[in-house]
Structure formats: structure tokens, C-alpha cells
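Notes for the one structure printed next.
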Amino acid sequence: TNTPEPVQRTDEVRTYFDARMRDYDDFYEPKSRFRRWFNRTFRKPVYLRRDEVAALAQRLGCSTLLDVGCGSGRNTVWWAAHGLERLHGVDFSAEMIQEAERIAAQTAVRQRCTFEVADFLQWDSEQRWDIVAACGVFDYVIDAETLLRHMARFATRVVYGSFPGWTLVRTPLRKIRYALRGCPTHFYRRREIEALFAKVGFGKCEIK
């Protein structure tokens with residue numbers, strides 16, 4: 001009961017994803033044809049945000065990327081296969097990182113990808129990356145401002161994040177579904193994102 005809420009929430013999210021590592025990974029690379037169609041039709045943002053990072057890297061001539069909350073490394077490996085030359089993934093789930101290393105080891109881009117178990121908000125490095133990306137991370141972060149500021153420390157060109165928006169039907173259903181499983185979720189309106197960017201002090205910003 002004396003645990004600070006942000007720490008408590010972090011433990012809840014870690015426990016949730018540790019227990020559902022296989023389900024999470026199967027979301028990105030489902031084995032059945034129907035699941036692949038369903039995800040790409042009704043969960044298209046998961047793939048759009050991944051593709052957008054690769055497009056940004058190509059447009060701006062970026063070659064290095066830090067993947068914050070990399071999970072099982074599916075995006076990390078995909079970005080390496082689509083032009084990024086040096087990538088590092090950080091995630092607080094040891095189960096996820098173990099799976100990421102296994103997946104990367106089976107690909108032709110394994111030498112470009114490294115992974116590390118760490119709570120990103122407590123993590124530090126002397127290295128810097130052209131792009132620092134957090135896809136599917138702000139959904140579960142209680143302090144988005146602190147995360148954005150920490151991401152900016154390691155970026156030389158671009159900070160990229162995906163923010164789940166509010167919808168009339170899907171947002172309440174998702175909050176209830178995750179709450180029943182012990183995992184908190186957060187959603188954002190456009191004005192909140194714009195105010196967040198201004199508070200952190202970013203220069204040129206683009207929202208899609």
C-alpha cells in the first residue's frame with residue numbers, strides 16, 4: 001500500500017505482458033490466414049505506425065533507431081529489414097526480450113539488432129540514435145511527459161510515438177477488458193497531445 005502509483009502501475013503492466021508474451025507476439029505475426037486478415041483490417045494502426053517509422057527514416061536519411069518498449073522485437077527486426085542499420089530495443093519484460101533475441105537470431109538482420117532488459121525511465125546510455133520510437137507504449141504509461149522527455153535525451157533527429165485516441169465504443173471496451181486483466185490503459189485527445197508536445201518543448205511536430 002505504500003508503493004508509489006507509477007511504480008505500482010509499471011509492475012502491473014510488466015506482469016500483464018510477461019503472462020501474455022505469446023499472445024502479444026502472435027498479434028504481429030498470426031499463424032492463421034483469418035487472423036492476419038482480421039488484424040490488418042480492424043487493427044490497421046499497429047501496422048501503419050510501424051510503416052510510418054520506416055518511411056520517416058527513408059525520407060530523412062536516418063540509419064539508427066532506439067525501440068522503446070520493443071516487446072518481442074517484431075518491429076525492431078522489421079525496421080532492420082527495411083533499411084535501418086543499427087537498432088537497439090529496450091523493454092522491462094525479460095520474457096519479451098528473450099523472445100526478441102530468439103526472433104532476431106533467425107533473420108538475416110540479426111547483426112543489426114541488440115536488445116536489453118530495462119525499465120526505460122530508469123535507463124541511461126552514452127549512445128544516441130537518429131530515431132527514438134515508442135509504438136504501443138503510451139497506452140500503458142501514466143506519465144507521458146516524463147517518457148517523452150527521456151526519449152528526447154537519446155534522439156538526434158526524430159522522436160516518434162503512437163498515442164491511442166478516444167472512440168465512443170472501442171475505448172471503453174478496451175479499458176474494461178484490460179482492467180479486468182489487471183493492466184491500466186491511457187487514451188489521448190489531439191489537443192492533449194499538442195499540449196504535451198508544447199510542454200516538453202519540441203520544435204517541429206507532426207500528428208497523423
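The values are calculated or read from the model by the stated rules, or taken from the named source; none is laboratory data. Since we're looking at a predicted model, the values are computed, not measured. Glycine also receives a Cβ, built like all others from the backbone with ideal geometry; neighbour counts cover every protein chain displayed. Quick note on the areas: whole protein, heavy atoms, side chains included, nothing else; ligands and nucleic acids left out. Shrake-Rupley method; radii C 1.70, N 1.55, O 1.52, S 1.80 Å.
The table below lists the values:
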read-out: Amide H partners (placed H, <5 Å) of residue 188, local residues excluded; value: 165, 166
read-out: Tail weight of P(r) past 11 Å, computed on alpha-carbon pairs of the stretch 45-93, percent; value: 66 percent
read-out: Amide H contacts under 5 Å for residue 161, placed H, 5+ residues apart; value: 134
read-out: Kirkwood estimate for the stretch 50-205, i.e. one over the average of 1/r between Cα atoms, Å; value: 16.3 Å
read-out: Karplus-derived 3J(HN,Hα), 6.51/-1.76/1.60, for each residue of the stretch 134-143, Hz, glycine and proline x; value: 9, 9, x, 10, 5, 4, 10, 9, 7, 10
read-out: Rg to Rh quotient for the stretch 109-200, alpha carbon positions, Kirkwood Rh; value: 1.01
read-out: Estimated vicinal HN-Hα couplings, Hz - the stretch 199-207 in sequence order (Karplus 6.51, -1.76, 1.60; Gly, Pro = x); value: 5, 5, x, 5, x, 5, 10, 9, 10
read-out: Residue 88 - accessible surface, heavy atoms, 1.4 Å probe, Å² rounded to 10; value: 20 Å²
read-out: Loop-located trypsin sites (Lys or Arg not before Pro) in the stretch 72-157 whose Cβ has at most 15 other Cβ within 10 Å (DSSP); value: 128
read-out: The stretch 116-208, accessible area per residue, ligands and nucleic acids excluded (1.4 Å, Å²); value: 58 Å²
read-out: Cleavage-rule hits (GluC sites (Glu not before Pro)) in the stretch 76-164: DSSP loop, at most 10 neighbouring Cβ within 10 angstrom; value: 126
